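A quick write-up on the structure given underneath.
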Amino acid sequence: MRDRAHRARSTLMVLAVGSLLVSATADASNGLDSPEAGVLQMSRGGAWVARADNPLSAYFNPAAMAFNPSGVHLGAQLLIRAHCFDRLDASGNRPTPGGNISTAPPEEVCADITPFPNPQLAATFRIHEQWAVGLAF
């Protein structure tokens, strides 16, 4: 019994270390906020918990799938990323980095990127009164 528990612990440790070794590195955020998807939920301020009543609940609120009818959702949002950043201190001047560095940060920096669609595809299937299966992209 003890040997089996030791073997199980060793296997879990090997799997944990292995998953850390093959995992991807974390990338920094690019500042793009992809809002909640779905017309109904956007009109409710993104309130998925309040009422998740379409197949996108498979992604945003899986517990609600059991209360929804079977269905398919196909939609898209047009994400427009056009914003500027200018670093100023409380008095409206560009701050210096400090230390021996005397140069101020650059002027205003803007990111104007071509708008691109954010597609949504989801489907749910009721297999029982209290069970549902869903898939969302």
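The values are calculated or read from the model by the stated rules, or taken from the named source; none is laboratory data. Here the structure is a predicted model, which is why all the values come from computation and not from measurement. Ideal geometry is used to build each Cβ from the backbone, glycine not excepted, and the neighbour counts take in all protein chains shown.
Given G75, G98, G134, G92, which one is closer than 27 Å to A37 by Cβ, among the small types (G, A, S) and out of contact with any Phe, Trp or Tyr (no Cβ under 8 Å at 6 or more places or on another chain)? Spell out the reasoning first.
On the way: G98 fails: closer than 27 Å to A37 by Cβ; G134 fails: out of contact with any Phe, Trp or Tyr (no Cβ under 8 Å at 6 or more places or on another chain); G92 fails: closer than 27 Å to A37 by Cβ.
Criteria check complete, one pass: G75.
Among the candidates V39, V49, V17, single out the residue that is among the hydrophobic types (A, V, I, L, M, F, W, C), modelled with pLDDT of 75 or more and more than 25 Å from V109 (Cα to Cα).
Values: V39 fails: modelled with pLDDT of 75 or more; V49 fails: modelled with pLDDT of 75 or more.
Of V39, V49, V17, the one residue that is among the hydrophobic types (A, V, I, L, M, F, W, C), modelled with pLDDT of 75 or more and more than 25 Å from V109 (Cα to Cα) is V17.
Does A63 qualify as being touching a strand residue (DSSP E or B) at 6+ places or on another chain (Cβ under 9 Å) and either exposed (fewer than 11 other Cβ atoms within 10 Å of the Cβ) or closer than 30 Å to Q130 by Cα (or both)? Write out each step before concluding.
Values: touching a strand residue (DSSP E or B) at 6+ places or on another chain (Cβ under 9 Å): no; either exposed (fewer than 11 other Cβ atoms within 10 Å of the Cβ) or closer than 30 Å to Q130 by Cα (or both): yes.
For A63, the condition - touching a strand residue (DSSP E or B) at 6+ places or on another chain (Cβ under 9 Å) and either exposed (fewer than 11 other Cβ atoms within 10 Å of the Cβ) or closer than 30 Å to Q130 by Cα (or both) - is not met.
Please note which strands (runs of 3 or more DSSP E) are completely contained in the range 59-137 and include at least 3 residues that are among the aliphatic types (A, V, I, L, M) and in contact with a helix residue (DSSP H, G or I) (Cβ under 8 Å, 6 or more places away or on another chain).
On the way: elements: 71-85, 109-126, 132-136.
Per the criteria, 132-136.
Give the number of residues within the range 1-15 that are of a type in the set (G, A, S) and surrounded by fewer than 10 Cβ atoms within 10 Å (Cβ to Cβ). Even if it seems obvious, please write down each step before you answer.
Step one: list which residues in the range 1-15 are of a type in the set (G, A, S), which gives 5, 8, 10.
Pick out the ones that are also surrounded by fewer than 10 Cβ atoms within 10 Å (Cβ to Cβ) and you get 5.
Of the residues in that region, 1 qualify.
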